[in-house]
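Participant: Quick one: this structure, given as structure tokens, is what I'll be asking you about.
The values are calculated or read from the model by the stated rules, or taken from the named source; none is laboratory data. Predicted model only: the values in this text are computed from it and were never measured. Here the Cβ is made from the backbone with ideal geometry for all residues, glycine too, and neighbour counts use every protein chain on show. The area values use the complete protein model at the heavy-atom level, side chains included, leaving out ligands, DNA and RNA. Shrake-Rupley method; radii C 1.70, N 1.55, O 1.52, S 1.80 Å.
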Amino acid sequence: MEEAPSIDSAPEPEPVSAYRPWERYVLLYTPLLLVLGLCALLYLPTLEAPFLFDDLEMIVNNESFIEGGTVAEYAEKFRFRQETMRSFKRDLNLSGGSVPNPAIFHAANVVSHLAVVALFYWMLLQLGERLGMRFRGKLALAFLGAGIFALHPMTTEPVAYVMGRADILATGYLLLALVLFLIPLSYQPEGEVGPDAQQARVTELPASTYWKVTLGCWMLALASFLKGVLCKEVAVIAPLLAALVIALVPGQTRPWRRRTFVALGLAFALVGALLVLRLLAFGTLGNPDTMRGLFPTMATNAFVTLLYLLTWIFPISQSGDHDTFILSGFANGWALAGVMGIAITLWAAWLLRRKYPEISLGLVWCLVGLLPTTSVIALEDVFVERRFYLSGMGLSLVSASVLVRMSGRVRLRRAELWQRWSRPVLAFAILAMMFVSLQRVLVWTDTIRFWADAAQKSRIKSRPYYNLGTALTEAGKNRNAIAAFATLFQRNAYDRDAHLNIANAMLQSGWTDMAAKIYKDNVLNLDPDNAEARYNLGVIAEQKGNYKEAEQYYKEALHLKPEMTDAGIKLGIFYFSRDEPRVALKYFEDALAQRPDDPLAHQYLALIYSQMIVDEPRALEHFEKLTKLQPQEAQNWFNLAVLQDRTSQPDAARRSYRRALDLQPTHVPSMVNLGALLERLGHRVEACQLYNQAASLDPAQAQLVQSRCSDLSPPLDSAR
């Protein structure tokens, strides 16, 4: 391969050898610190962002994840992304181990992104070295490439979205594997000669040392590669990217290239084994729930590839939930446009491969980065911005190289003009890019803003409107939620879920008659077996005092959907109030079988076992569970103390009464009962102090003080 021309053709104002070693390091890595600082500043608002979208399913509502299950259990949906889930588990432990703190999860995303940017910067420095760049050209390539990648608007989704960490980690491990794999490129065994050995900028090592270095780097690269695959499947393209770097970047000796392609052959065999393993596990390489023909998939993905490229160049229509559109085949103008865009990119990469190898590498890198998700794989959501995280590096490399090469030529012709305006123009471009990116970051920091933005840009998909309506409902903005759900009627008047959500919003707003009418006339006409509609009709009937009607609706809902624990608990309360404890018992226990941590079910079971069907050990079990589920409720500790006192556990009862009084110092029943317990234990003075405090809060307790403590002299101060 011909030697690539020097990118920085302007004369060096000062030779690199004039710098001291520490000065060189300062010059090399100060730009990186600037990029990392700007990047951290850009993503600082994400620390206030909530969990969104799949974050809720995989983190917040993932019981196995929260309760300490194995990684195989809590990563069941993404069973090949266990390293990503382990990183989430570390964040959960930092949050306290029970309630995920979104700030910690988002901070980990930002730190991971900064690490990837630093690794990309270092890789660009090494690439500049292999291309024969002078010091300033190499520095400019790394600074611009890493800066564009770090601050580009298309990078905001994987960083601001917690589940986007899979792409960040996979890309980071992929880069690390690539860098480790190519480290031996700078060395060769002593005595190895070849027609291109003199052109290769390599250092000779003793043969034994060379092989130790090479095999050590390659083993570490293999470990990093497998780590990346376990973060997200996109990392399987690491061997292909390594092959592209070897093929396009000059400066390798032929023996080194032969050795490397043997190693890459083994890596490709490993990739094949991983694909077979996934195929055996899921039955498909894509989403097992998405069935689509090969030609519609390829045609759609060809057009989506073009959309990715255009969105990166013109980031004006970004969305967190893009429309899903499926083309029928290649006999479609959009599909042909996508194929033409891919062909032009590959053609440009081929033409530029000798004169501008780094631009060629960046163009092909961009397309290769999309292969795992946007080629022959059928996915439910075909256009997702975080999937372009790795590919964005390729376009960042292309942009940086073009700017550096233009800079070299412009400086030769109009050096004074360039030196005057280049820095202000560059600073303005960086600030403009950061401003656009910041707007996207702020969208991700608020649930309602996020779904409102997605709904505004959605022409086909209904999901943004559903989620916007749900977010508005949770925020108590039911009128706005109704408007969001009503928008769906313009698209599909027979959309059952839209009718159901509108009725739910009306019910929460107190418009019970209108809600009941929609449940009966719309939802149940479209879906007679809708359990949620029947349950909510039961709620409305109960609010109006029609308990028989409510009971019937709850029974119908539970029959249609046995896992609907709310209906079972409602029925249990009905039978408890009718003094039918054994029937109520069955409903509450069935509810706990579905939802073991339901406090209401534990509360009623504790009352049944302590007051109606006397089974004190089981009553204690439910009261103790209640104090764990609701540790700040004084009444729960009081009820537990009463039962402990009754079952001859005075020390435990004393502690529970004290806990109730710590939570609610004015809880008179706890004062009176604890006083009686202390009096039985022989602590009469302390008991009378509690009686006096109770009397000061409740005059009805004055007689108790008179009968129990009148003989004590001097009288006890009730304020003590």
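Participant: What number of residues within the stretch 629-652 satisfy the criterion of being polar (S, T, N, Q), more than 19 Å from residue 681 (Cα to Cα) and surrounded by fewer than 20 Cβ atoms within 10 Å (Cβ to Cβ)?
Facilitator: 3
Participant: Collect the residues in the stretch 111-134 that are open to solvent by 10 Å² or more (accessible area, probe 1.4 Å), over 21 Å from residue 183 (Cβ atoms) and touching a helix residue (DSSP H, G or I) at 6+ places or on another chain (Cβ under 6 Å), keeping them in residue-number order.
Facilitator: Once the filter is applied, which keeps residues that are open to solvent by 10 Å² or more (accessible area, probe 1.4 Å), over 21 Å from residue 183 (Cβ atoms) and touching a helix residue (DSSP H, G or I) at 6+ places or on another chain (Cβ under 6 Å), the stretch 111-134 yields 112, 114.
Here is a yes/no grid of residues against (1) open to solvent by 20 Å² or more (accessible area, probe 1.4 Å); (2) in contact with a Pro (Cβ under 9 Å, 6 or more places away or on another chain):
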position	(1), (2)
426	yes, no
435	yes, no
439	yes, yes
451	no, yes
469	no, no
491	yes, no
502	no, no
509	yes, no
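Participant: Here's another thing I want to ask about it. Looking at 626, 537, 571, can you tell me which residue is open to solvent by less than 30 Å² (accessible area, probe 1.4 Å), in contact with a helix residue (DSSP H, G or I) (Cβ under 7 Å, 6 or more places away or on another chain) and under 28 Å from residue 674 (Cβ atoms)?
Facilitator: 626
Participant: For the stretch 358-392, enumerate the residues that are over 23 Å from the mean Cα position of the chain (by Cα), in a loop (DSSP other than H, G, I, E, B) and hydrophobic (A, V, I, L, M, F, W, C).
Facilitator: Answer for the stretch 358-392, where residues must be over 23 Å from the mean Cα position of the chain (by Cα), in a loop (DSSP other than H, G, I, E, B) and hydrophobic (A, V, I, L, M, F, W, C): just 376.
Participant: Could you count how many residues in the stretch 327-355 are open to solvent by 80 Å² or more (accessible area, probe 1.4 Å) and within 23 Å of residue 460 (Cβ to Cβ)?
Facilitator: Residues that pass the stated criteria total 4.
Participant: Please determine whether any residue of the stretch 592-612 is over 39 Å from the mean Cα position of the chain (by Cα), of a type in the set (Ser, Thr, Tyr) and either within 29 Å of residue 98 (Cβ to Cβ) or surrounded by 20 or more Cβ atoms within 10 Å (Cβ to Cβ) (or both).
Facilitator: yes
Participant: Is there any pair linking a residue in the stretch 662-685 that is of a type in the set (D, E, K, R) and loosely packed, with under 13 Cβ neighbours inside 10 Å to one that is at pLDDT 85 or above and part of a helix (DSSP H, G or I), with Cβ under 9 Å and at least six apart or on different chains, and which?
Facilitator: The qualifying pairs are 662/634; 662/637; 680/650; 680/687.
Participant: Select from the stretch 574-591 the residues that are closer than 14 Å to residue 613 by Cα and among the aliphatic types (A, V, I, L, M) and write down the one among them that is least open to solvent (accessible area, probe 1.4 Å).
Facilitator: If we take residues in the stretch 574-591 being closer than 14 Å to residue 613 by Cα and among the aliphatic types (A, V, I, L, M), then 584 is least open to solvent (accessible area, probe 1.4 Å).
Participant: Additional query: Could you list, in sequence order, the residues of the stretch 363-390 that are open to solvent by 10 Å² or more (accessible area, probe 1.4 Å), among the charged types (D, E, K, R) and touching a His at 6+ places or on another chain (Cβ under 8 Å)?
Facilitator: Result: 381, single match.
Each row is one residue, and each column tells you yes or no for (1) at pLDDT below 90; (2) closer than 26 Å to residue 228 by Cβ; (3) outside any loop (DSSP other than H, G, I, E, B).
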site	(1), (2), (3)
66	yes, no, yes
73	yes, yes, yes
80	yes, yes, no
98	yes, no, no
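Participant: May I pose another question? Quick check on residue 454: is it under 32 Å from the mean Cα position of the chain (by Cα), at pLDDT 90 or above, assigned to a helix (DSSP H, G or I) and not charged (D, E, K, R)?
Facilitator: So residue 454 fits the description; yes.
Participant: What's the number of the only condition in (1) at pLDDT below 80; (2) surrounded by fewer than 23 Cβ atoms within 10 Å (Cβ to Cβ) that residue 256 fails to meet?
Facilitator: Unmet condition: (2).
Participant: Kindly indicate the residue of the stretch 80-104 that is free of Cβ contacts under 8 Å to residues at least 60 places away in the same chain and within 29 Å of residue 274 (Cα to Cα) and also most open to solvent (accessible area, probe 1.4 Å) among those meeting that condition.
Facilitator: 90
Participant: Still on this structure, please answer the following. Taking residue 48 as the residue in question, decide whether it is open to solvent by 70 Å² or more (accessible area, probe 1.4 Å) and either farther than 30 Å from residue 236 by Cα or modelled with pLDDT of 95 or more (or both).
Facilitator: Taking the combined requirement at face value, the residue satisfies it.
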